[in-house]
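First comes the structure, then the notes that go with it.
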Amino acid sequence: MCVGDNVPTTTIRSRRRIPVYVWVPPSNYPNYKIIIRRRSGYVDDVTDYILNGYMSNQVTEGIGSFRFTIDNSTSRFYNVWSGNETVYIYADYTTNPTNTIFRGIVEKVYYGGYYVHVYGRSSALPLLYKRVTRKYDGIAISTILKSLISDYAPGFTTSNVQTCTTTLTVNWYQKPFWDCVKQLCYASGYDCYVDANNDFHFFQEKTIENTVEAVVHGINLLETGDFGRDYSQVRNKVTVYGATIDDVPIVYTATDQDSYNEIGRWQEEIITDTNIRTVAEARDRAIFELNRLKDPPIVGTITSLGLPTLMPGEMLRISDPDNGLAPGTYKVLSLEHTFRHGDIMQTKVTIEKFSPSVPTMMKARIEAEQQLSDTPNPYELEYSWIITFDDETDTGSHNNTEIASGRLKLVSGASSGTWISTTTTATNNITKAQVKAAGNNITQATFYISNNNGATWQTVTLNDLTTLSSTGNKLKIKVVINSSNVEIDTIGILYS
């Protein structure tokens, strides 16, 4: 058809909204300034003398560090630093940066030839050497953190500690301060770092987006590294502790053998939930958590022109579709600023490509040593069987014994008797066990254990660890009562 032909036309419009991402990083190049304050107070501006170096920081898992190689060809800096000086790094998009992005403490200085090598860590360094002895019972996690900072971190502030109402019960004895911080983060689903002003930032993970920086292909993206599975975050062995009944904890351990075969080690997660009242509930929780934690997240690195306002734990806007990074925000696990003489500051960030779909916040998720100190399971056994004698459910046979009023005892007129349990079948062979019991005059009863369905029996001493000499996975308990004064309320067996 030609223009002018008398032909009706129809305009077709799509009503589907198409998202358009127009992320534009700041137009100016980032600038930086690095100074070292001597112990005398004198300030050395080493910006123009830095030949190469880096400053790194991470969220939750540790504190930042730095390393610089400084030109000393004129002996300008010879023997002026010996350690314990303070390093300040400023960076922003102005010609004279005033935004403090890092404060560090010099730990080592090496003078070699025409160079000075300076090493150190962030100003949070003293916290690594603090030991915490404190007990908190059902206290909000952010309250615990503020209490720790007040008691153990003089000079540090809590202006950016967000409120977390999740409560936690812990009993720490000489525990490293930063391990306590990590434990609080794991228990709450929050992240933490200390900024250049020695102020703690504690915030729910993936809730803070950096609105200044962006990394965009074709603009400021320099390199996208390989992305792979982060096996350090895998948990292929999950042990759940429930309520404690007559000093016997409900415990169940779920493991993933395929994951163990793949990485060659067990990486354990301990979970305590006193609302769990049965072994079946503990088993279900352990299996659920194992399925959530056994698959590693995919992490990788990207390098761009400097991102001076970026902090660890923030969500960074990234677009690099050619390398599988669709436009979106990605959590920054760690960052590293690099400095080279005559070059522009660069930033390398480690990001998490995706996370498990199940939220990570849970109550009382803490590390193994803490759980074992609070739970009567000193031999780290993996399963439990608790017999309460409320009914005949766990009874295999009676011989002059009976269950009456919730207790196992001899029948009237008998001077001795034997009770044998039903059988509990384990997934693997049972090699060790600890038997506990509660009641009256228990010392006048003898306890036996079998791992081969009663084919052979082995005498046990209550509360001691018993190594089983036979092979099998079918657990039974036998009690021989030698006095009418014996009344047994509960028998608990922990085993692996």
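Under the condition of being under 30 Å from Asp191 (Cβ atoms), part of a loop (DSSP other than H, G, I, E, B) and out of contact with any Pro (no Cβ under 6 Å at 6 or more places or on another chain), the residues counted in the range 29-71 number 6. Is at least one residue of the range 190-204 more than 17 Å from the chain's Cα centre (by Cα), in a loop (DSSP other than H, G, I, E, B) and crowded, with 21+ Cβ neighbours inside 10 Å? Within the range 190-204 (the criterion being more than 17 Å from the chain's Cα centre (by Cα), in a loop (DSSP other than H, G, I, E, B) and crowded, with 21+ Cβ neighbours inside 10 Å), the answer is yes, since at least one residue qualifies.
The single residue among Gly439, Gly396 that is more than 38 Å from the chain's Cα centre (by Cα), under 26 Å from Gly242 (Cβ atoms), modelled with pLDDT of 90 or more and outside any loop (DSSP other than H, G, I, E, B) turns out to be Gly396.
Filtered by the rule that a residue be of a type in the set (Gly, Ala, Ser) and closer than 26 Å to Asp137 by Cα, the range 261-284 gives a lone residue, Ala282.
Taking (1) hydrophobic (A, V, I, L, M, F, W, C); (2) in contact with an Asp or Glu (Cβ under 7 Å, 6 or more places away or on another chain); (3) more than 30 Å from Asn72 (Cβ to Cβ) in turn, Cys164 satisfies each apart from (2). Under the condition of being β-branched (Val, Ile, Thr), under 19 Å from Phe156 (Cβ atoms) and in contact (Cβ under 8 Å) with a residue 40 or more places away in the chain, the residues counted in the range 101-128 number 1. Checking Arg283, Arg235, Arg265 one by one, the residue that is basic (Lys, Arg) and touching a Phe, Trp or Tyr at 6+ places or on another chain (Cβ under 8 Å) is Arg283 and no other. Take the range 308-325 and flag every residue that is closer than 11 Å to Leu221 by Cβ and at pLDDT 90 or above. Ile318, the sole residue that qualifies. So Val299 passes all but one of these: (1) surrounded by fewer than 20 Cβ atoms within 10 Å (Cβ to Cβ); (2) assigned to a strand (DSSP E or B). Which condition number does it fail? All conditions pass for Val299, except number (1). The residue that is surrounded by the fewest Cβ atoms within 10 Å (Cβ to Cβ), counting only those in the range 67-87 that are in contact with a Phe, Trp or Tyr (Cβ under 7 Å, 6 or more places away or on another chain) and more than 12 Å from Tyr111 (Cβ to Cβ), is Ser73. Any residue that is part of a loop (DSSP other than H, G, I, E, B), within 21 Å of Ala254 (Cα to Cα) and not hydrophobic (A, V, I, L, M, F, W, C) - is there at least one of those in the range 475-492? No, the range 475-492 has no match at all.
Listed by position, the strands (runs of 3 or more DSSP E) contained in the range 81-147 that have at least 2 residues being of a type in the set (Ser, Thr, Tyr) and in the same structural domain as Cys192 (by TED's automatic domain parsing) are 131-140.
The values are calculated or read from the model by the stated rules, or taken from the named source; none is laboratory data. Computed from a predicted model, the values in this text were never measured in an experiment. Virtual Cβ from ideal backbone geometry, glycine too; neighbours counted across all protein chains shown.
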